[in-house]
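Visitor: Below are the structure tokens for one structure; questions will follow.
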Amino acid sequence: MSNKKPRVVITRKLPDAIETRMMELFDVQLNLDDTPMSNAELIEAMKTADVLVPTLTDTIDLGILSQAGPELRLIANYGAGVDHIDLATARQRGITVTNTPDVLTEDTADMTMALILAVPRRLSEGERAMRSQNWTGWSPTWMLGHRIFGKRLGIIGMGRIGQAVARRARGFGLSVHYHNRHQLHEDIENELEATYWESLDQMLARMDIISINCPHTPGTYHLLSARRLKLLQPHTFIVNTARGEIVDENALTRMLRAGELAGAGLDVFEHEPAVNPKLLELDNVVLLPHMGSATVEGRIDMGEKVLINIKTYADGHKPPDRVLGDIA
Ligand code: DGY
């Protein structure tokens, strides 16, 4: 990159403090009204920018990447997940991709834990009853949920977020089980008191609560397929704060409606922002609008990561959060 300030196109509105710093450092195009960019606008950005700062709402696929101008050398994603970016094509075209790991781990783990508590304990149902003024007073048999303490939690994907969920879960008296591409080092397993299951199928059949915390890659698309969902026992709850595409949402919805699963806490959906309308009819699900990392602190930290990645790159160094593509 030359000595002139890099031209940076940011596809969505970012926290004010981050945009201010971006403007100080770079030649920036902001998106002040936060309307998601159309394909044509994205292509225009790819043609004119040195650096693109997209988010998970921008699909940066082969069609878009093939329009990139010669100046575009860095895609500094605002977010940890990069499943909306065709990494192989970016690599072929010599475009570096960075993301924002670590800084959303604790917030996402908090939200996961909130759903692990909210669904079995019927928090949303209770809250809805209050607001519709349906509460006639305490009753020994009304609004009974299920105890968390002593239940078995199966975590799918034991990376940073999975481990942060495990730490919290221990505090609530859950026994922690996990399936991961690789077994964790025994020191970490001991610290988390976590039991490794090499076979996902076997783990699924024995858990009370399942939490999905792996990235969405070609290898994890519909990891929880209709066949695997059928391995779960009818008393099992499912929580997903990772990506909707990891679960076959239609199969999940069918099973929830049929009473073949106890409930679900979903922060992510297969076709966001669309949600299967049949899910909206169910009482035993808690639905959130992809807000796992939505804290003021987290969103500023994510922006700071993006700033560091761009600045390091502009200064001629390797940015710290390069996505190497080894995520399948
Ligand atoms: C991410 O960064 O990938 C998260 O899903 C945003 O909440």
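Visitor: Could you say whether any residue in region 123-141 is touching a strand residue (DSSP E or B) at 6+ places or on another chain (Cβ under 6 Å), closer than 25 Å to T220 by Cβ and open to solvent by less than 40 Å² (accessible area, probe 1.4 Å)?
Guide: no
Visitor: For T98, indicate whether it is outside the structural domain of E245 (by TED's automatic domain parsing), within 21 Å of the chain's Cα centre (by Cα), open to solvent by 20 Å² or more (accessible area, probe 1.4 Å) and within 16 Å of the ligand (Cβ to nearest atom).
Guide: no
Visitor: Return the pairs, sorted by first residue and then second, in which the second residue is open to solvent by 30 Å² or more (accessible area, probe 1.4 Å) and among the hydrophobic types (A, V, I, L, M, F, W, C), the first residue lies in region 170-188 and is in a loop (DSSP other than H, G, I, E, B), the beta carbons are less than 6 Å apart, and the residues are 6+ apart or on different chains.
Guide: What qualifies is G173/F149.
Visitor: Going by what's in this entry, would G292 be described as under 19 Å from the mean Cα position of the chain (by Cα) and open to solvent by less than 10 Å² (accessible area, probe 1.4 Å)?
Guide: Here the answer is yes, as G292 does meet what is asked.
Visitor: Another question, if that's okay. Tell me yes or no: at least one residue of region 161-174 is assigned by TED's automatic domain parsing to the domain that holds T220 and in contact with a Phe, Trp or Tyr (Cβ under 6 Å, 6 or more places away or on another chain).
Guide: Within region 161-174, one or more residues are assigned by TED's automatic domain parsing to the domain that holds T220 and in contact with a Phe, Trp or Tyr (Cβ under 6 Å, 6 or more places away or on another chain).
Visitor: Working only within region 37-66, note down all residues that are away from the ligand (no atom under 13 Å from the Cβ), open to solvent by 70 Å² or more (accessible area, probe 1.4 Å) and either in contact (Cβ under 8 Å) with a residue 12 or more places away in the chain or not assigned by TED's automatic domain parsing to the domain that holds I18 (or both).
Guide: Residues satisfying the conditions are N39, K47, T59, L62.
Visitor: Let me ask something else about it. Would a scan of region 155-162 turn up a residue that is closer than 23 Å to T100 by Cα and in contact with a Cys (Cβ under 6 Å, 6 or more places away or on another chain)?
Guide: Yes: region 155-162 contains one or more residues that are closer than 23 Å to T100 by Cα and in contact with a Cys (Cβ under 6 Å, 6 or more places away or on another chain).
Visitor: Being away from the ligand (no atom under 14 Å from the Cβ), among the aliphatic types (A, V, I, L, M), touching a helix residue (DSSP H, G or I) at 6+ places or on another chain (Cβ under 8 Å) and touching a residue at least 24 places away in the same chain (Cβ under 8 Å) is true for just one of V285, V306. Which residue is that?
Guide: Just one listed residue meets the conditions, V285.
Visitor: Being in contact (Cβ under 8 Å) with a residue 40 or more places away in the chain and not aliphatic (A, V, I, L, M) is the filter; apply it to region 261-271 and report the residue that is nearest to the ligand (Cβ to nearest atom).
Guide: Looking at residues that are in contact (Cβ under 8 Å) with a residue 40 or more places away in the chain and not aliphatic (A, V, I, L, M), I get D267.
Visitor: What's the total number of residues in region 67-83 that are touching a Lys or Arg at 6+ places or on another chain (Cβ under 7 Å), open to solvent by less than 30 Å² (accessible area, probe 1.4 Å) and away from the ligand (no atom under 16 Å from the Cβ)?
Guide: 2
Yes/no matrix, rows are residues, columns are (1) over 15 Å from G292 (Cβ atoms); (2) open to solvent by less than 40 Å² (accessible area, probe 1.4 Å):
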residue	(1), (2)
A109	no, yes
K151	yes, no
Q163	yes, yes
G173	yes, yes
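Visitor: Just to be sure I understand the filter: pairs with C-beta atoms under 8 Å, separated by 6 or more residues or on different chains, first member in region 93-115 and closer than 30 Å to L62 by Cβ and modelled with pLDDT of 95 or more, second member part of a strand (DSSP E or B) and charged (D, E, K, R). Which pairs pass?
Guide: These pairs meet every condition: T96/R322; V97/R322; T98/R322.
Visitor: One residue is enough: does region 134-151 have a residue meeting the conditions out of contact with any Pro (no Cβ under 7 Å at 6 or more places or on another chain), more than 16 Å from the ligand (Cβ to nearest atom), in contact (Cβ under 8 Å) with a residue 60 or more places away in the chain and assigned by TED's automatic domain parsing to the domain that holds L232?
Guide: no
Visitor: Just to check your reading of the model, which residue among T112, T108 is in contact with a Ser or Thr (Cβ under 6 Å, 6 or more places away or on another chain), hydroxyl-bearing (S, T, Y) and either within 8 Å of the ligand (Cβ to nearest atom) or in a loop (DSSP other than H, G, I, E, B) (or both)?
Guide: The unique qualifying residue is T108.
The values are calculated or read from the model by the stated rules, or taken from the named source; none is laboratory data. The shown structure was predicted, so the numbers you read here are calculated from the model rather than taken from an experiment. Cβ coordinates were reconstructed from backbone atoms using ideal geometry, including for glycine residues, and neighbour counts include every protein chain displayed. With ligands, DNA and RNA removed, areas are computed over all heavy atoms of the protein, side chains included. Shrake-Rupley method; radii C 1.70, N 1.55, O 1.52, S 1.80 Å.
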